[in-house]
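Notes follow once the structure below has been shown.
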Amino acid sequence: MPLPYLPHTDADRREMLREIGVSSVEELFEDIPREFRNARFSVPAPLSELELKKELRRLANSNTNPDDYACFLGAGSYRHFIPSTVDHIIGRSEFYTAYTPYQAEVSQGTLQTVYEYQSLVCQLTGMEVSNAGMYDGSTSAAEAAMMACNMTGRSKVAVVATVHPTYRDVLHTYCRGKDLALVTLDAESGDLPPDCACLIIQQPNFFGYFEEMDARVQKAHDGGALVVAIVDPTSLGMFRPPGDYGVDITVGEAQPLGTPTNFGGPYLGIFACRKEYIRRMPGRIVGKTVDVDGRPGYVMTLVTREQYIRRERATSNICTSESLMALAATVYLATLGKAGLRQVAELCYHKAHYAADAISKLKGYSLAFDRPFFKEFAVNCPVPPSQVNKALLDQRIIGGLDISHLVDNSVLLCVTEMNTRQEIDRLVKTLGSL
Amino acid sequence: MKHHYLLPDISKPGRVGCTLPSLDVPEGSRPPEELLRQELELPEVSEVDLIRYFTALSKLNYGVDSGFYPLGSCTMKYNPKWHEDVAKLSGFAALHPWQPEEQVQGALRLMHELQEYLTEVTGMNATSLVPVAGAHGELAGLFMVKAYHQDRGHKGRTKILLTDSSHGTNPASVAMCGMETGVVASDDKGDLDLKSLDSMMNDEVAALTLTMPSTLGLFDPKIAEIARLVHERGGLLGGDGANLNALMGQAKLGELGFDYVQLNLHKTFSTPHGGGGPGSGPVCAMENLVEFLPTPLVAEEKGSYRFVAPTKSIGRIASFYGNFGVMVKAFAYARSLGPEELKRISEDAVLNANYLKEKLKPYYHLPYDRTCMHEVVFSGKKQKAKGVGTVDIAKRLLDYGLHPPTVYFPLIVSEALMTEPTETESKETLDEYIAAMKEIAGDAAENPDILHSAPHNTPVRRLDEAGAFRQLDVRWEMNGKKK
């Protein structure tokens, strides 16, 4: 099948071969030993754009689409309203078909928006400096652990048991890879073992409730450890930012800021820290400067931290990251602004509490934790959660995450501004009927 | 709107960028005061100002859709438009990663078919789609190497060999997995020096990692010998798949002797680079390493699909299953290509690079004068002798409306200009680039000032990078407040 993105005609190819001075294109592959050049590629026959669009629409439609249901899943991936401004800006091909801004003079669009992103993340988290973004929340947390070990010269990382289980899995992989010890601390215990490089704590935690931060931060600092906080950026529209409680490195999942749930990716990792640590930070950083005519402009800065200059002495191996998602977060935060982000956070808070109040009044149901929470809460159910979710699905409701392996007979429910009162009432009614 | 404006400059109290629903449930009790945020200083911008601001910024950018983008080792091929449309289908984009497997069979099937396709193209045994970028896949590969040797009780193998032409991510990844780097020299043809490898390949070495073809755009004809030597001495051969575009439909990395390879779907499989991501960096493994792949993989049984964890998996390396949105685009591309189309891609990519090589050879020093693969590395040595640096050549190209090649890399070529045209460029585009490069070579000899002062007609001119480093300004603050 002729391909629309292969512009050469046969005449072009012949002419170019002649200019090169070979008689066939095979001659250009002669460095590949002959014995390897008979490889058979058993891939399916090619399909046209029309056929593939149909096939992909069929595959997409065969999934249970949360947009057609009431969905109460969260646990690290959140359904939030995305204003159309986001898609229209990130859909401009000047942004999405560019690469890493190696040539600053023709990349000011990317560079200036990264500077905006860094600024917005700092405003939101109350931290002093931010990088241009990491892969996702979990790898941001792992990179923060690596950074803390490099800075303190220690090789033990402490993580609280209430941190998202998959984040702890990723931490485990990275720590094992780098021969670092990973210690898991009891949910309620504030005590850190000696010689930890850092304490990693999530606010609000995996179960949705708020940790008591000030005392834990103080204790960690007393023991010479840094504090890494994992935050939900939406919660910061209403709740205390980590910069206020003395955190050294703030990480988090920025998917809620303008990126769809995407079956788990692409997402975006927040990474922000104290200014004095900026030279130890992983990832790209954009700085403001001037050109030879004195006009303001932006460049990648502190590049000596990065792998293409320092190679094995770099602060991380990260190169390609999630730049377009950082642009989405920038447009999202700029669109919602001061009032909008606060309103989204308040909608989540009040709707989640409305749902929790109603569910906790149902016979056989109770909240697993009696603690202040934001938009997620764990519920003890009278029947196994798998059975609950099956009944909910019959009513076109995608229920919460089954966390029975962590808390007996419990689901983790998430309510955001996407859930209407009718949806919540339907959820409560169905639960009550079990 | 002035182009140096930032969001705070177009912000005024009371402006909003979108509407939101009002609360439709009774207000809950207020959370404890000590948990609440006192102030939140974010810009307040109207929708129209916001759209104009970001549209103006987009116009300062250069992408593949703007023109020729021969950034070496980055494979800046054209990104078909319809791929963007299918990735946005709500039956894909709205899927939640915690939905039970029976609700997401279509998504799992797509992932499974992509796994199979990549496994076949690389000639390996299994693929994990989890890594979200090339360097992430590379790190996963090294974690696998480490786990493999530990599993066999070979704790002493703590060194990774790589070549002096390798990508910067390679040694950085080695450091992240707590191992040491050993650098194997290249020979005078640009290939790996077998004697150097022979002397270094001992029982402390866990693996040799190679980019094939190399970052010099050269295929090492001794690949079978290299693989044999590494394997005989108990090591593994790892692949950096950044340059797979040259081998599509021609040869399989598994047959060449590689034990694993990490791919870059945002290079070879045509998904857009996004200004620096999202990417996707699947890792493919031969039988000996399959059980160590990062979890999860998608398995199929009687037409139904589910996630599985390899028995000795290195574990999770990301929150979920990889960049699914990127996989949809790569799948769309892969299914547009049968065996013949795969082959034509590498043929045209290699043809284009050799055409540039022959046409520009009289004007720029060619350190390795032999048939190249998908990219060609020139040196600006001749021009440097006249006081014109490769940076000046690159900046002058911007005046022609062309994106420069990768410069000053690989490190073993002085004043390097690493040029990868890709298969999606027409002869006319290549001829335009050749004409510009010829003129630049002429100016370098006769009118060097025009290169030193370039670029002249870009949105900004050369920027003071040293100044940015000395006086760090990495954010604005609202209302001019300083901490």
| request: Those residues that are surrounded by fewer than 23 Cβ atoms within 10 Å (Cβ to Cβ) and either among the small types (Gly, Ala, Ser) or part of a strand (DSSP E or B) (or both), I need them from the range A:186-227; list them, please. | output: A:ALA187, A:SER189, A:GLY190, A:TYR209, A:ALA215, A:GLY223, A:GLY224
| In the range B:114-141, which residue that is closer than 21 Å to B:SER313 by Cα and among the acidic types (Asp, Glu) is farthest from the other protein chains (Cβ to nearest Cβ)? | B:GLU116
| Quick one: how many residues across the range B:248-280 are more than 8 Å from chain A (Cβ to nearest Cβ) and in contact with a His (Cβ under 6 Å, 6 or more places away or on another chain)? | 0
| message | Against the conditions (1) modelled with pLDDT of 95 or more; (2) surrounded by fewer than 19 Cβ atoms within 10 Å (Cβ to Cβ); (3) more than 9 Å from chain A (Cβ to nearest Cβ), where does B:LEU161 fall short? Just the number, please. | response | (2)
| said: Take A:THR125 and tell me if it is within 13 Å of A:ILE230 (Cβ to Cβ), surrounded by fewer than 24 Cβ atoms within 10 Å (Cβ to Cβ) and either at pLDDT below 95 or touching a helix residue (DSSP H, G or I) at 6+ places or on another chain (Cβ under 9 Å) (or both). | reply: no
| So A:ALA391 fits all but one of (1) buried (at least 20 other Cβ atoms within 10 Å of the Cβ); (2) over 22 Å from the mean Cα position of the chain (by Cα); (3) in contact (Cβ under 8 Å) with a residue 24 or more places away in the chain; what number is the exception? | (1)
| Considering only residues of the range B:78-100 that are assigned to a loop (DSSP other than H, G, I, E, B) and more than 7 Å from chain A (Cβ to nearest Cβ), which is surrounded by the fewest Cβ atoms within 10 Å (Cβ to Cβ)? | B:PRO100
| Positions within the range B:288-341 being farther than 19 Å from B:VAL132 by Cβ and of a type in the set (Val, Ile, Thr), in sequence order | B:VAL290, B:VAL308, B:THR311
| field | strands (runs of 3 or more DSSP E) wholly inside the range A:283-387 containing at least 3 residues that are within 30 Å of A:TYR102 (Cβ to Cβ) | value | A:286-290, A:296-300
| request: Being farther than 20 Å from A:HIS80 by Cβ, in a loop (DSSP other than H, G, I, E, B) and not aliphatic (A, V, I, L, M) is the filter here, so list the residues in the range B:1-26 that pass it. | output: B:LYS2, B:HIS3, B:HIS4, B:TYR5, B:SER11, B:LYS12, B:PRO13, B:GLY14, B:ARG15, B:PRO26
| task | Please work out which residue is modelled with the lowest pLDDT, limiting yourself to the range A:403-434 and to residues that are farther than 18 Å from A:GLY74 by Cβ and outside any helix (DSSP H, G or I). | result | A:LEU434
| request: Kindly list, by first and then second residue, each pair from a residue in the range B:2-28 that is at the interface with another protein chain (Cβ under 7 Å from one of its Cβ atoms) to a residue that is surrounded by fewer than 16 Cβ atoms within 10 Å (Cβ to Cβ), limited to pairs with Cβ atoms under 6 Å and residues at least 6 apart or on different chains. | output: B:ASP24/A:ARG421; B:VAL25/A:ARG421
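Pick out, from the range A:1-117, the helices (runs of 4 or more DSSP H) lying fully within it that include 1 or more residues that are of a type in the set (Gly, Ala, Ser) and facing chain B (nearest Cβ under 7 Å). Walk me through how you get there before you give the answer.
On the way: elements: A:10-20, A:49-61, A:84-90, A:93-96.
Those helices (runs of 4 or more DSSP H) span A:49-61, A:93-96.
Can you pull out the residues in the range A:135-185 that are part of a loop (DSSP other than H, G, I, E, B) and over 29 Å from A:ALA368 (Cα atoms)?
Keep residues of the range A:135-185 that are part of a loop (DSSP other than H, G, I, E, B), which gives A:135-136, A:153-155, A:161-164, A:178-180.
Within the range A:135-185, A:TYR135, A:GLY153, A:ARG154, A:SER155, A:LYS178, A:ASP179, A:LEU180 meet the criteria.
Would you check if B:SER66 is hydroxyl-bearing (Ser, Thr, Tyr), crowded, with 21+ Cβ neighbours inside 10 Å and closer than 30 Å to B:ALA135 by Cα? Quick ask: steps written out before the conclusion?
Numbers: hydroxyl-bearing (Ser, Thr, Tyr): yes; crowded, with 21+ Cβ neighbours inside 10 Å: no; closer than 30 Å to B:ALA135 by Cα: yes.
Here the answer is no, as B:SER66 does not meet what is asked.
The values are calculated or read from the model by the stated rules, or taken from the named source; none is laboratory data. Everything numeric in this text was worked out from a predicted model, so none of it was measured. No Cβ is skipped: glycine too gets one built from the backbone with ideal geometry, and neighbour counts run over all protein chains shown.
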